[in-house]
Amino acid sequence: MEKEHGHGKHQYGMVIDLDKCTGCGTCMTACAAENNVSVRPDESDKQRSIAWMQLFKITNGKEFPHTEVSYFPRPCMHCNENGRGHHVSPCVSVCPPTATQLDLDTGIVSQIYTRCIGCRYCQAACPYKARYFNWWDGYFPKGKGLERYLSPEVSPRMRGVVEKCTFCHHRLMRAKTKAYAEGRREIEEGEYITACAEACPAQAITFGDLNNPKHKVSQLIKSPYAFRLLERLNTKPKVYYLSTKDWVRKMADNYLPGEFKPVTKIGG
Amino acid sequence: MSIEITRRNFIQFLVGCVAGIHATPLPWKLTDDIAIWTQNWPWVPVPPVGEFTHVNSVCRLCPGGCGIKVRKVDERAVKIEGRTDYPLNPGGICPVGMGGLQLLYDETLRFPGPMKRVGPRGAGEFANISWEEALKLLNDRIARLRKEGRPQALAAVDGNPRRSTMSVMVERLLRAVGSRNYLNIPGAEDLSSMVGELMQGTEAPVAFDLENADYILSFGCGLLEGWGAPGRVLNAWGLWRSEPFKGKVRVVQIESRASNTASKADQWVPIKPGTETALALGLAHVIIKERLHDTRFVNDYAFGFNNWRSGYGKERMGFKEMVLKQYSPMRVAYVTGLNPDQIVSLAKEFARAKAPVAIFGKGKGNLSGSLYEAMAVHSLNALVGNINRPGGALVPEPLPLSSLPEVIPDDAARRGLEQGRLDQAGSWRYPFTRSLVNNLTEAILSASESPVDTLLIFSSNPAYTLPDGGAFRKALGKIPFLVSFSPFRDETALMCDLILPDHTYLEKMDDVAWPPGLQYPLYGVSRPVVDPLYNTKHAGDVIIHLAKGLGQAVGSAFPWKNYEEVLKARAKGLYEAGGGLTRFEEGQTPAWKMVNKASGSRPGYKSFDDMWKQIKGGGLWYKPSPAERNWEGLFKTPTGKFEFFSSRIELAFSRAAEKRPLQAVLKSMGVQQTGDEACMPHYEEPRLNVDRSAFPLQMVPYEMINLASDWIPNPPYLYKSLFDTQLLKDDSFAEINPKTAAKYGLKQGDLVMVKSPKGEVRVRLNLFEGAMPGMVYLPMGFGHTAYDEFLRGKGANPNDIVHGPKDPLSGYPIWWITPVKLVKV
Ligand code: SF4
Ligand code: SF4
Ligand code: SF4
């Protein structure tokens, strides 16, 4: 795998092992609970429902009894490039009021709700459909008491803005504050991990600094089974997947017949 | 747009608008219009800031009992996380547990205080009353029953797990009052206890050392759907796919549908639902024939493997002869729908593995199963001698909790206790079963006047969860007085006359006494994470209060001030047993590893009071114990051996036959076999007594990990994780094979009625290659008529149309094959 995380000092990223992923959806629930994502009475309208972490179900398309199902948990990919070699995410490059930015020091693609004008260009530009538009204010009817579980670390969104996975940016702040209070400039591996990675009961999600060779993520992405979604768009996502199943890896991109290369030799 | 991405369109879905990358149109004019959205913000809550703290506790939303850490801001709980300092679930939890705060804070899901019904049953119209008035109402009712000499007309249906202190309390209350009609909702754990009793001689459910096994043969266990203790099993799944286990552990799933477990397993063995027994015995056939069994175990430590002679010198058939004669791969292939080679190779692989384990308990294990089937599966563990060995099936000793002092019934109570149980559990008909809610239902429905006058309902929602075609709901209608202790406005509670709402699990102290299937004893205690939000009372305290109000005789059975004292009294036994630990540190050797070798750790407490302080402060008690014990003296069966041929079953038959012909006994028990087979695990095709030409298909309910289907309401967050081929607006989906659809001229998304002899439900169709042809799969957890706008009126409840006979010997309902037909709407 080519080196491509040289930009900033830290490049936070994620590796999701699809062999381990059970499709349980705890990551989705953890993300919604952590980030004050609103739940509406009808979440079956997938055009309107908001899920920063979204689970996709794929099947190998074979007939009974050779059918297999697998899952793709999809957070924001925190792309490093726009597909044309520029060091800017596809969404960032189209946002008129600069409401979304690629942070050079962390690699995190942020979203500033108060700046967002709701034009939804970023949504159109994101090849991974990771961005969601708020058609309504969050669903917190008076007297229902739902607002009581909201976390003050993440501001609830209002109608008319776009939201998405932030790599739980507030958790980075939390870890930094703690480190500074203890007189440290740097945070250790594991001090900053996302809510989804922390919650996964099968330990399928690993989070860390792709630029730090000691971090588990930077070792995992060297696996011959590591890949990214739509790799050939050259958006340089910082979310990687692992799967030993050819049919799963094949489905991660638009391969032409004969173009997909299965892993034949397993090494470092 | 479909969110369930298929092979063809997964990528197309993602790149649908990929043009945006290459050319960016910036129609500035449009932004003007859109900005109007943003100038119109009515109400967005601003969560108050405050001091961050966290409270360690235990999740009690399922019997699994994960360790949880709840983040708080001042008095508000804002997030539930898994505890890394808990041995069961190091860090992770399931989606239901993750969404628990919605159950605490969604006010419209809950009862704000004690209430009495004012509208018609089920309408949910209640009036607030005081606790004093509420308790007096119930008190008077019970006192009257005792005075009238029919205390047995008080009954309770309880969903608390068997070993829990709450279940002990409810049963105790009934006993002190004078009623034997305590019914616990039956699940896989009860089945497992029966297997333990019949084959191993100890009532403790069989435990499985999954983490140390290298071959897991699962007979329909939803390992990824919430089976056993889900926090533990999902963690084990991750371990099996990590170094050093990666590639060395094989999971084989036997199930008719490509569930998550089946798909993610190393091998999926699809068989016709309900034929698991035949397959297990077919595997036994091959193992014995190929001499792959553990001869030392079956010859020296097992009874009934070889043929044997009874006291009268009569030759009796043993397990070996039975399976060799009756379960050839050819015959089993015919029954199960597999081919004979598959059966042979599966059997060889299982027997040749280093630490193979065969496990049972359908789906999540919330519902009952089949006794002969569970015995057949467990006989595979015995055949390969993997009993009480690392990676095998364990014979656990009971959790050493102290027993509470004996209840001394007064005269009034004694008269009631002389009456038999209404569900006939434990009678000659159902000698090994401890409760049969389905039989209680029958008893009520068949009587002109309900034999139950007052029914208490604890931690369960039987009007929704029982797979009985709606029969229990009808029975409820006949019972004069219904009392719910549920904190939630569930279907059953809405039918009740009196509501005495309990706290939710985040507001109270309660115990988790050994999560199901775990290989080492563990006792956890939840503690109040927040103060009770509403005017609710701990059901344990209510029982104590109630008992005291019923006079000296009943009250003396409850000599405690409050429920916490009861917990403490029971926990004393843990201290006395010695050697348990109360702390688990992150990064410590996993508790399942210590199962291999006796742990050298020191307890870390000085006295019982010290230990109790640690346990109740969000701690726990556990005792890693070496698995490798001698088989000598292990089995407490009448023969002192592991029994392939159950002498207890035989004894039960002959006792019952003292008063009536054996044929009649077997018929009443639903056992078709009349020979020696009846005392051994054997396969019988259930008699459906239905015209199959009118109902040509079979409905099989299935469970999902991201949809609560038990008595706990589904946390609304979880609806985000459902696909729009599982729930679309108000319709849930049935999964059928495209071939079945083609046969009946049905298409993806069609609205159909699924009709059974019991009734019909309306669903949409999802064509799924992973569905066995001829089957109709309905998800459990939809079709609520209670709760709030998040849950109510969404989809269909398969329980409403379940139709089937009883499982032989156990008497549990057979819910996994209902004859149905599909009619397009
Ligand atoms: S929590 Fe883990 S196992 Fe569950 S769906 Fe997410 S990544 Fe997969
Ligand atoms: S990183 Fe945080 S924001 Fe992103 S999907 Fe995971 S939990 Fe959600
Ligand atoms: S598995 Fe059971 S105990 Fe664990 S979090 Fe889920 S509901 Fe709670």
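The values are calculated or read from the model by the stated rules, or taken from the named source; none is laboratory data. What you see is a predicted model; the values in this text were computed from it and never measured. We place every Cβ from the backbone using ideal geometry, glycine too, and count neighbours over all the protein chains shown. Just so you know, the surface numbers come from the protein's heavy atoms only, side chains and all, with ligands and any DNA or RNA stripped out. Shrake-Rupley method; radii C 1.70, N 1.55, O 1.52, S 1.80 Å.
Among the residues of B:757-770, the average count of other protein chain beta-carbon atoms within 10 Å of the residue beta-carbon is 2. Among the trypsin sites (Lys or Arg not before Pro) in region B:677-720, those located in a DSSP loop and surrounded by at most 11 other Cβ atoms within 10 Å of their own Cβ are B:Arg687, B:Arg692.
Close amide H pairs (under 5 Å, H built 1.01 Å from N) link B:His54 with B:Lys72, residues at least 5 positions away or on another chain. By the Stokes-Einstein formula, at 1.306 mPa s and 10 °C, the protein assembly as shown with its Kirkwood radius over alpha-carbon pairs has D equal to 52 µm²/s. Take every pair of alpha-carbon atoms less than 8 Å apart whose residues are at least six positions apart; their mean separation over the length of chain B yields a relative contact order of 17 percent. With Cα atoms defining each centre, region B:634-693 and region A:117-139 are spaced 63 Å apart in the structure.
Given a 1.4 Å probe and the protein chains as shown, A:Lys62 ends up with an accessible area of around 120 Å².
Annotation: aspartates and glutamates with alpha-carbon distance below 20 angstrom to B:Lys548 (same-chain offsets under eight excluded): B:Glu132, B:Glu133, B:Asp140, B:Glu148, B:Glu171, B:Glu406, B:Asp410, B:Asp411, B:Asp502, B:Glu564, B:Glu565.
How would region B:531-620 be classified by its alpha-carbon gyration tensor: rounded, prolate or oblate, with rounded meaning a/c under 1.5 and the a/b versus b/c comparison settling the rest? Provide the component values of the computation, followed by the final result.
Working: a/c = 3.27, a/b = 2.11, b/c = 1.55.
Verdict is prolate for region B:531-620.
Ranked from largest, the principal axis spans of the Cα set of region B:72-146 equal 51, 29, 27 Å. If you take the Cα centroid of region B:209-271 and the Cα centroid of region B:305-344, the two points sit 28 Å apart. When A:Ser89, B:Ser693, B:Ser654 are compared by accessible area at a 1.4 angstrom probe, the order from most to least is B:Ser693, B:Ser654, A:Ser89.
In the complete set of protein chains, residue-level accessible area for B:Leu651 is approximately 90 Å², probe 1.4 angstrom. Under the rule a/c < 1.5 gives rounded, and otherwise a/b versus b/c splits prolate from oblate, where does region A:119-191 land using the Cα gyration tensor? It is oblate, given that a/c is not under 1.5 and a/b is not larger than b/c.
Sort B:467-474, A:27-34 by packing, meaning the average of other beta carbons within 10 Å per residue, with the highest value first. Spell out each step's value before the answer.
Details: B:467-474: 20.8, A:27-34: 28.0.
By packing density, highest mean first, the sequence is A:27-34, B:467-474.
Considering only the other residues whose Cβ falls under 12 Å of the Cβ of B:Gly365, what net charge follows from Lys and Arg at +1 and Asp and Glu at -1? Write down the numbers at each step before the final one.
On the way: positive: B:Lys362, B:Lys364; negative: B:Glu189, B:Asp190, B:Glu225, B:Glu703, B:Asp710.
With Lys, Arg at +1 and Asp, Glu at -1, the net is -3.
Database remark: amide H of B:Ala302 closer than 5 angstrom to the amide H of B:Phe642 (H placed geometrically; neighbours at sequence offset of 5 or more, or on other chains; Pro and chain starts carry no H).
Reducing region A:160-227 and region B:452-491 to their Cα centroids gives an inter-centroid distance of 47 Å.
Taken about its Cα centre, region A:12-250 carries a charge dipole of roughly 460 debye when the Cβ of each Lys and Arg holds +1 and the Cβ of each Asp and Glu holds -1.
Among the GluC sites (Glu not before Pro) found in region B:514-591, those both in a DSSP coil and sparsely packed, with 14 or fewer other Cβ atoms within 10 Å of their Cβ, are B:Glu585, B:Glu586.
Could you grab the relative contact order for chain A? Cα pairs under 8 Å, six or more apart, rounded to a whole percent. Relative contact order for chain A comes out at 27 percent.
Keeping every protein chain in place, order A:Arg131, B:Arg296, B:Arg76, B:Arg660 by accessible area at 1.4 Å, biggest value first, i.e. largest first. It would help to have the intermediate numbers written out before the result.
Values: A:Arg131 10, B:Arg296 120, B:Arg76 40, B:Arg660 70 Å².
From most accessible down to least: B:Arg296, B:Arg660, B:Arg76, A:Arg131.
Put simply, the amide H of B:Asn388, placed in the peptide plane, has neighbours under 5 Å in B:Ala393, B:Leu394, B:Val395, leaving out anything fewer than 5 places away on its chain. Averaged over peptide A:136-147, the number of partner chain Cβ atoms lying within 10 Å of each residue's Cβ comes to 5.
Selection among B:Pro409, B:Phe695, B:Ile479 by position relative to the dipole of the protein assembly as shown gives B:Phe695 as farthest towards the positive end (Cβ unit charges, Cα centre). Once all protein chains are placed together, B:Leu394 keeps about 10 Å² accessible to a 1.4 angstrom probe.
Measure up A:Lys236/B:Lys729; A:Lys46/B:Lys739; B:Lys79/B:Lys572; A:Lys20/B:Lys362 against 26 Å on the Cα-Cα distance and list the ones that go over.
Values: A:Lys236/B:Lys729 37 Å; A:Lys46/B:Lys739 28 Å; B:Lys79/B:Lys572 33 Å; A:Lys20/B:Lys362 22 Å.
Cα-Cα > 26 Å for A:Lys236/B:Lys729; A:Lys46/B:Lys739; B:Lys79/B:Lys572; rest within.
Decide, for chain B, between rounded, prolate and oblate: order the square roots of the alpha carbon gyration tensor eigenvalues as a ≥ b ≥ c, take rounded if a/c falls under 1.5, and otherwise choose prolate if a/b is larger than b/c, else oblate. Rounded.
For chain A, modelled as a GNM whose springs connect Cα atoms under 10 angstrom apart, the maximal fluctuation among A:Gly107, A:Gly258, A:Gly160 occurs at A:Gly258. Put simply, the C-alpha atoms of region B:55-109 give a gyration tensor, and the ellipsoid matching it has half-axes of 19, 14, 8 Å, longest first.
Going from most exposed to least, what order do B:Lys248, B:Lys537, A:Lys20 have by accessible area with a 1.4 Å probe? Show your work: numbers first, answer last.
Working: B:Lys248 130, B:Lys537 80, A:Lys20 30 Å².
Of B:Lys248, B:Lys537, A:Lys20, the descending order of accessible area is B:Lys248, B:Lys537, A:Lys20.
Using unit Cβ charges (K, R positive; D, E negative) and no other charged atoms, how large, in debye to the nearest 20, is the dipole of the protein assembly as shown about its Cα centre? Can you show the working numbers first?
Details: 135 positive and 114 negative charges, 189 e Å.
Using Cβ point charges on Lys, Arg, Asp and Glu, the protein assembly as shown gives about 900 debye.
Computed across chain A, the Kirkwood hydrodynamic radius from all distinct Cα-Cα pairs reaches 19.5 Å.
Other chains near A:128-135: what is the mean number of their Cβ atoms within 10 Å of each residue's Cβ?
Details: counts 4, 7, 1, 0, 0, 2, 3, 1.
Counting Cβ atoms of other protein chains within 10 Å of each residue's Cβ and averaging gives 2.
Charged side chains reduced to their Cβ positions (Lys and Arg at +1, Asp and Glu at -1) give chain B a dipole of some 1100 debye around its Cα centre.
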